[in-house]
Structure formats: C-alpha cells, structure tokens
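All remarks here apply to the structure that follows.
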Amino acid sequence: MRPYYVLFRNLKQSEKALQKAHDSLEQKVQERTAELAETNVQLRKEVEERRHAEEALRSAHKRLARRNRAMRILSSKLLRRQERDRQKLAMELHDQLGQMLTIIKMDVEMATKLVLPANDALEQKMDRVKSALSQAIRDVKDICHRLRPSMLDTMGLVPSLRTLID
C-alpha cells in the first residue's frame, strides 16, 4: 500500500503545485489585465487630447485663413489708395508746378528779348535762369512720370509693362 500512498501524496503535491501555478497565473492575468486597462485609459485620454489639439489646429488654421484674406483685401485697398495718391500728386505737380515753371520761363525769355543786347552780363544770367528753368521743367516731368507713368492711364498695366520691358 505504500506505493499507493506515495502516489496519492505525489498527486496531492501535484494538485497543490498545479493550484499554486494556477493561482499565480490568475494573479498575473489580473495584473496584466489591470495594466492593459490602465494603458487603454491612457490611450483614450491621449486620443481625446489629440482630437482636441487637431480641432484647435483646424480652428486656428481657419482664423489664419480669414486673417490672410482680410490682409489681402486691406493690402489691395492700400495699393489702390497709394496709386490714386500718386496719380493725384503727379497730376498736381505736372499741372500746377509744371505750368508755373513754364510761365516763368516764358517771362524770362520775354524779359531777355527786352534787355538791351549791350548788357551781356544780364543776358548771360538770364540764359542761366532759362537753362535752370528748363532743367526744373524736365525734372518735374520726370518725377511725374516716375510717380505715375501716363502710359498706365492710356494703355493699361500689361501694355505699359510690355513697353517698359521692350
């Protein structure tokens, strides 16, 4: 009977070892399940944070696009205003200052004709004044042309650019 007793004892020890292994495995499964559950919770939080961040990014992108459109509109208005101001300034320079200088030059030419030819010093001074006035008239025309080329008004932008390139 001894062998049966030994066999029974071995069986009991095996059952205890098996139960212990089962309990240990069960404990590990529970621990791992808890870890996975915690990891799952963390991942869900990260997914939610990422979703919020993406929504904030999309919202910021939309705001930026609206601001860019507004900036383009304002820039366009500013450029049109500057162009009108340049056109107005060029016209005023040409019409007012240019005309005044031309009138003064004509008066100097008339005065030169009235001066006696014997007065060479005065005649030389008048020639220098006429020359200076002619240069001032050319400078005013040049400034007006640089502010607002007349081609823009008569031909438009593209033909004016083609002419300038040629």
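The values are calculated or read from the model by the stated rules, or taken from the named source; none is laboratory data. Just so it is clear, the model here is predicted, and its values are computed rather than measured. Note: ideal-geometry Cβ built from the backbone for every residue, glycine included; neighbour counts use all protein chains shown. The accessibility values were calculated without ligands, DNA or RNA, using every heavy atom of the protein model including side chains. Shrake-Rupley method; radii C 1.70, N 1.55, O 1.52, S 1.80 Å.
Tell me what the chain gives for mean residue ellipticity at 222 nm when only DSSP H runs of n ≥ 4 count, each as -39,500 (n - 2.57), the sum divided by the residue total, rounded to 500 deg cm²/dmol.
When only DSSP H runs of four or more count, the value is -32500 deg cm²/dmol.
Leaving out same-chain residues fewer than 8 places away, which lysines sit with a Cα under 22 Å from that of LYS88?
Cα-Cα hits under 22 Å: LYS77, LYS141.
Compute the orientation-averaged projected area for the chain from the convex hull of its Cα atoms and round it to one decimal in nm². Walk me through the numbers before you get to the answer.
On the way: hull surface 96.8 nm².
Averaged projected area of the chain's Cα convex hull equals 24.2 nm².
Among MET71, ALA136, GLN87, pick out the residue whose Cα is farthest towards the positive end of the charge dipole of the chain, where Lys and Arg carry +1 and Asp and Glu carry -1 on C-beta, about the Cα centre.
MET71
Provide the descending list of Cα extents for the range 11-60 along its principal axes, expressed in whole angstroms.
That works out to 71, 8, 5 Å along the principal axes.
Return the Cα extents of the range 1-93 along principal axes one, two and three, sorted largest first, each rounded to a whole Å.
Principal-axis extents of the Cα atoms in the range 1-93, largest first: 133, 14, 9 Å.
With the chain treated as a Gaussian network of Cα nodes joined by springs under 10 Å, which of LEU25, LEU11, LEU122 yields the largest mean-square fluctuation?
Judging by the Gaussian network model, the answer is LEU11.
Compute, for the chain, the length of the dipole vector about the Cα centre, with Cβ point charges of +1 (Lys, Arg) and -1 (Asp, Glu) only. Units Debye, rounded to 20.
That gives the chain a dipole magnitude of about 980 debye.
Rounded, prolate or oblate: which fits the range 106-148, taking a ≥ b ≥ c as square roots of the Cα gyration tensor eigenvalues, rounded meaning a/c under 1.5, else prolate when a/b beats b/c?
Taking the square roots of the gyration eigenvalues as a ≥ b ≥ c, the range 106-148 is prolate.
With all protein chains present, how much of the accessible area of the range 43-118 (probe radius 1.4 Å) comes from carbon and sulfur, to the nearest whole percent?
61 percent
So what is the relative contact order for the chain, in percent, with contacts set as C-alpha pairs under 8 Å and at least six apart? Let's see the in-between values first.
On the way: 43 pairs, mean separation 37.3, N = 166.
Answer for the chain is 22 percent.
Summing Lys, Arg as +1 and Asp, Glu as -1, what charge do residues with Cβ under 14 Å from the Cβ of GLU92 carry, GLU92 excluded?
Result for the neighbourhood of GLU92: +3.
Estimate the FRET efficiency between GLU31 and PHE8 by the formula 1/(1 + (r/R0)^6), using the beta-carbon distance for r and 41 Å for R0, to the nearest 0.05.
0.75
On average, how much accessible surface per residue is there in the chain, in Å², for a 1.4 Å probe, leaving out ligands, DNA and RNA? List each step's numbers first, then the result.
Numbers: 14500 Å² over 166 residues.
Each residue of the chain exposes 87 Å² on average to a 1.4 Å probe.
Determine ³J(HN,Hα), in whole Hz, for all residues of the range 22-32 in sequence, where each value follows from phi through the Karplus function 6.51 cos²θ - 1.76 cosθ + 1.60 and θ = phi - 60°; x replaces Gly and Pro.
Computed from phi, the couplings for the range 22-32 are 5, 4, 5, 5, 4, 4, 5, 5, 5, 4, 5 Hz.
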